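First up is the structure itself, then whatever we jot down about it.
The values are calculated or read from the model by the stated rules, or taken from the named source; none is laboratory data. Keep in mind that what you see is a predicted model, and the values were worked out from it rather than measured. Note that we place each Cβ from the backbone using ideal geometry, even for glycine, and neighbour counts take in every protein chain shown. Each accessible area value is taken on the protein alone, full model and side chains, heavy atoms only, with ligands, DNA and RNA left out. Shrake-Rupley method; radii C 1.70, N 1.55, O 1.52, S 1.80 Å.
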Amino acid sequence: LFGKSLYVSHWMMLPFIFGLLWQISNLVNHFIKDKFYQIFTFILVIADSTLLSQLVLVTPEIIQLFFFFLALNAILNEQLYLKIIALAFLGMVSYRGMMLCGGLFLIDFFIHLVIKKRSLKQFFSFQTSIAYCIAALPAIVYLYWSLSTRGWIISHPSENWGKALAFSSIEEFVKNFGRNILVLGLQFVDFGRITVIVFVLITLIFKRTYIQWEKVLTLLIIIFFSTIVIYSTSLLIKNTMGHRYYLPSYLSIGLLACILIDQYNIKKTVYIGLLSSLLLGNCIVYPDTFAQGWDSSLAHLPYWKLRKNAIEYMDNHNIPITETASFFPNNTTIDNVDVNGDMRSFRIFSGNENYIFYSNVYNLTDSEFTTLRSTYDILETFKKGGVRIEILQKKDTGTPNTTMPLSPSFYKVKK
């Protein structure tokens, strides 16, 4: 209706952004009754750097989160029809949406048994069973179609995820599993969340006799089970899933922290400390050789302008895009990123290309990084904040370099 452009894509996200913020507000209001404190709790919850990052991107994450929290609020408020609708749409967003539906089912189950202290027979009543069957129907139909027409569901061996479970031995699996546990732990405490989690743990231990455990237990169930299918899968595969996949748990931890602040006399000081930690998390930038979830904090924002400057530089100096390698998510057509009709595409890095488009927002393997530094020279660097883009040329190509000027000013860093 409105044409194909990046602006239209961002405008399309706005209804889901507003819907998500509305549902987060409803969740906060369910646990906190004081109107004044609801505002400050809402601010702390949405201050998570990973959420803020997703809010400025065109991403299915926001659509997914909207339906997740819509379904969660429907469960907490026992709104049967709304729960069915929200779960059905959540399952249609993506495979991870289906995984979140599994987490919501477990949340509903344990709240029913542990918090509301109702019987197992009541939960598996005819009404509840029919409700979940109807909610799961769109996802089941899609999975059946995918399997019957393509012969596979998630991926096939030639794709990145196709060999996610291709371990050569039990020893390799165990080592990978242990590594994945460490990565998962880092993801939960990354970007300033460590302060919030440490605060929650300390309070639960030392203030346990004063805590209103019904609210706390409800949130602990939500924190643990909302992404349980996702992180269980992530622990078993070779390449772990990204920070943003656990946003339902992150936001619930922030809400729990706000509830626990009430246990202290220095409420304002604790609140400011937690909020500052989350906001400062957007300033964290790791060294190039340490993988960072760049789309999980606002630290990535300068990249988009630098990327345009770098592409413009390549065009001005006759460096062909189609003969230049890059890395995920940039090893694709320019149109796939900028939605501007430019169908020139960067190559997938092999080490044989004459030119490389590299940024520290790309997570390279150790071997790729070694090849890059040993085989290529930097022609130009674009830098702003913690983000850096480099245009590189292969050493000793044996051909005259007609694309780069001989002036020493060519090597200056553009800011």
Pick from ILE348, ILE253, ILE111: which residue has the top mean-square fluctuation in a GNM of the chain where Cα pairs under 10 Å get a spring? ILE348
Which FRET efficiency value, to the nearest 0.05, do you get for HIS30 and LEU1 by plugging their Cβ-Cβ distance into 1/(1 + (r/R0)^6) with R0 = 30 Å? 0.25
So what is the 222 nm mean residue ellipticity for the chain from helices alone, if each DSSP H run of at least 4 adds -39500 (n - 2.57) and you divide by all residues, rounding to the nearest 500 deg cm²/dmol? -18500 deg cm²/dmol
Heads up, I need the accessible area for VAL196: 1.4 angstrom probe, whole protein in place, Å², nearest 10. 10
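Please find the FRET efficiency linking THR370 to HIS317, where r is the Cβ-Cβ separation and R0 is fixed at 25 Å, and quote it to the nearest 0.05.
It comes to 0.40.
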Positive minus negative residues near PHE123 (Lys, Arg vs Asp, Glu; Cβ under 11 Å): +2
What's the local net charge at PRO287, with K and R +1, D and E -1, over the other residues with C-beta under 14 Å away? 0
When ligands, DNA and RNA are left out and all protein chains stay put, how many square angstrom of accessible area per residue does the chain have with a 1.4 Å probe? 52
Compute the separation of the alpha-carbon centres of the stretch 189-220 and the stretch 1-48 and state it in Å as a whole number. 24
Carbon/sulfur fraction of accessible area - the chain, other protein chains in place, 1.4 Å, %: 65
Starting from the amide H of ARG347, placed 1.01 Å from N in the peptide plane, find each other amide H under 5 Å away whose residue is 5 or more places distant or on another chain. THR324, ALA325, SER326
Name the shape class, rounded, prolate or oblate, that the alpha-carbon gyration tensor gives for the stretch 1-139, where a ≥ b ≥ c are the square roots of its eigenvalues, rounded holds for a/c under 1.5, and otherwise prolate holds if a/b is larger than b/c and oblate otherwise. oblate
Give the cross-link partners of LYS395 among the lysines, using a straight C-alpha distance below 22 Å as the criterion and excluding same-chain residues fewer than 8 apart. LYS412
Sort the following peptides by mean Cβ neighbour count (other Cβ atoms within 10 Å, averaged over residues), highest first: 310-317, 254-261. 254-261, 310-317
Please give me the summed charge of the neighbours of VAL229: other residues whose Cβ is under 15 Å from its Cβ, Lys and Arg +1, Asp and Glu -1. 0
Using per-residue counts of other Cβ atoms within 10 Å, averaged over each peptide, order 293-303, 88-98, 60-70 from highest down. 60-70, 293-303, 88-98
By the gyration tensor of its Cα atoms, with a ≥ b ≥ c the square roots of the eigenvalues, what is the shape of the stretch 310-398: rounded for a/c under 1.5, prolate for a/b over b/c, or oblate? rounded
Hey, in the GNM for the chain with a 10 angstrom Cα cutoff, which one of GLU353, GLU171, GLU214 fluctuates hardest? GLU171
Starting from the 7 Å offset along Cα-to-Cβ, what nm value, one decimal, do you get for the label separation of PHE173 and THR269? 5.2
Most fluctuating residue of ILE194, ILE272, ILE222 in a GNM of the chain with Cα springs under 10 Å: which is it? ILE272
Which shape class, rounded, prolate or oblate, goes with the stretch 330-382 when its Cα gyration tensor gives a ≥ b ≥ c as root eigenvalues, a/c under 1.5 marks rounded, and past that a/b bigger than b/c marks prolate? prolate
Between the alpha carbon centres of the stretch 84-99 and the stretch 262-281 the gap in Å comes to 34
Within the chain, which complete DSSP H helices have Cα atoms spanning at least 15 Å along the helix axis and a mean Kyte-Doolittle hydropathy of 0.5 or higher? 6-31, 35-46, 60-76, 80-93, 95-110, 126-150, 170-189, 193-206, 213-226, 247-261, 267-280
